[in-house]
Amino acid sequence: MDVKEKILIIVFYGASILSAAITLIILGFMVVLSFPIFSEGLFFNILTKPWSPDQGLFGLGPIIVGTLCIALLALIISFPVSLGCSFFVGILNPKGLGRHFKKFVELMTAIPTVIYGFVGIFLLVPLVREIFLKGSGLCILSASIMLAILISPTMILFFVQSFKTVPQNYLNAVDALGGNIAQKFFYVILPNTRKGIMTGIILSFGRAVGDTLIALMISGNSVAFPGSVLDSARTLTAQIALLIAADFESIEFKTLFVCGICLYIITSSGVLMARYSTKKKRHHI
């Protein structure tokens with residue numbers, strides 16, 4: 001190993017350690033600033049109780065539920081669409097119309113989130129209201145559909161890139177055996193790109209959980225526990241945006257850092273679950 005390789009290894013290891021350290025420092029920062037809540041034994045009450053500052057209740061239970069409902073529903077909506085689009089772009093027609101569609105998807109990643117929010121307010125929300133004839137249209141379903149549109153380009157690009165990692169020998173073997181393109185996709189490509197697909201899902205879920213503007217503009221911002229996808233809800237990021245001007249010394253303000261801790265736990269749990277699932281399936285194979 002020459003000097004250049006050693007330097008590159010040191011640089012990459014240093015970047016990895018620095019990234020992990022920054023993440024832990026941010027978590028520590030949130031824990032320190034929310035310490036009064038821990039010291040007074042209010043942490044678990046805040047996680048489960050409703051939000052009603054007028055009654056002295058600063059619970060984040062409905063907000064956590066709203067966050068998970070919107071993010072998971074967005075993921076459920078976007079995954080099959082993204083998988084189908086990536087199949088068209090990467091497998092079915094990679095050099096024809098699929099190549100131009102991929103450029104369009106790449107362009108979508110550069111559109112500001114607020115544009116999606118405006119489209120949702122003026123087009124999607126009235127449509128949902130007219131179809132279901134219930135509520136104002138500012139609900140979990142509207143926010144989830146728009147979030148699904150937002151995170152789909154990320155999924156599509158990761159899926160297409162992971163399809164390229166399948167060894168060409170495997171694909172040639174399917175062709176030699178007379179397999180069609182659907183068999184090639186389901187029996188060869190998908191099993192060998194599980195890790196890349198899971199990475200795309202994790203990043204998309206993280207973006208859905210961490211988005212602020214779409215949830216703030218379209219979800220309705222209700223702090224009650226939602227009973228259906230047509231009910232309004234508030235997310236943790238929207239809660240942070242709406243309460244940032246609260247008194248620094250108040251419990252209400254301290255709950256902002258609990259929101260940050262909850263976001264950290266949710267995204268980290270998704271990563272760990274996906275990693276464990278990938279390893280388990282790999283062992284079975």
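The values are calculated or read from the model by the stated rules, or taken from the named source; none is laboratory data. Note that the structure is a prediction, hence the values are computed from the model and not measured. Neighbour counts run over all protein chains shown; Cβ positions are idealised from the backbone, glycine included.
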So, in region 157-182, how many residues would count as being free of Cβ contacts under 8 Å to residues at least 60 places away in the same chain and not in a helix (DSSP H, G or I)? 7
Restricting the search to region 4-57, which residues are under 30 Å from residue 222 (Cβ atoms), of a type in the set (S, T, N, Q) and assigned to a helix (DSSP H, G or I)? 45, 48, 55
Single residue of region 132-167 satisfying the filter (β-branched (Val, Ile, Thr) and under 22 Å from residue 98 (Cβ atoms)) that is surrounded by the most Cβ atoms within 10 Å (Cβ to Cβ): 156
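Can you find a residue that is assigned to a helix (DSSP H, G or I) and of a type outside the set (D, E, K, R) anywhere in region 223-231?
Kept after step one, since they are assigned to a helix (DSSP H, G or I), are these residues of region 223-231: none.
Checked against the condition, which is being assigned to a helix (DSSP H, G or I) and of a type outside the set (D, E, K, R), region 223-231 yields no hits at all.
Would you be able to say whether some residue in region 99-115 is among the aliphatic types (A, V, I, L, M), surrounded by 15 or more Cβ atoms within 10 Å (Cβ to Cβ) and not in a helix (DSSP H, G or I)?
Keep residues of region 99-115 that are among the aliphatic types (A, V, I, L, M), which gives 105, 107-108, 110-111, 114-115.
With surrounded by 15 or more Cβ atoms within 10 Å (Cβ to Cβ) added as a condition, the list becomes 105, 108.
Imposing the further condition that a residue be not in a helix (DSSP H, G or I) reduces the set to none.
No, the conditions are met nowhere in region 99-115.
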Name the single residue, out of those in region 241-262 being among the aliphatic types (A, V, I, L, M) and farther than 22 Å from residue 217 by Cα, that is modelled with the lowest pLDDT. 251
With under 15 Å from residue 77 (Cα atoms), touching a Ser or Thr at 6+ places or on another chain (Cβ under 9 Å) and in a helix (DSSP H, G or I) as the only criterion, which of 199, 154 stands out? 154
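Do the conditions hold for residue 96, that is, is it small (Gly, Ala, Ser), surrounded by 14 or more Cβ atoms within 10 Å (Cβ to Cβ) and farther than 21 Å from residue 203 by Cβ? Outline the logic, then answer.
Numbers: small (Gly, Ala, Ser): yes; surrounded by 14 or more Cβ atoms within 10 Å (Cβ to Cβ): no; farther than 21 Å from residue 203 by Cβ: yes.
Answer is no for this residue.
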Scanning region 217-229 residue by residue, those farther than 20 Å from residue 57 by Cβ and surrounded by fewer than 21 Cβ atoms within 10 Å (Cβ to Cβ) turn out to be 228, 229
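Taking the conditions exactly as written (in contact (Cβ under 8 Å) with a residue 24 or more places away in the chain and over 27 Å from residue 237 (Cβ atoms)), does residue 102 satisfy them or not? Working first, answer last.
Working: in contact (Cβ under 8 Å) with a residue 24 or more places away in the chain: yes; over 27 Å from residue 237 (Cβ atoms): yes.
Yes: the conditions hold for residue 102.
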Scan region 34-44 and give yes if some residue there is at pLDDT below 90, of a type in the set (Phe, Trp, Tyr), in contact with a Pro (Cβ under 9 Å, 6 or more places away or on another chain) and under 30 Å from residue 243 (Cβ atoms), otherwise no. no
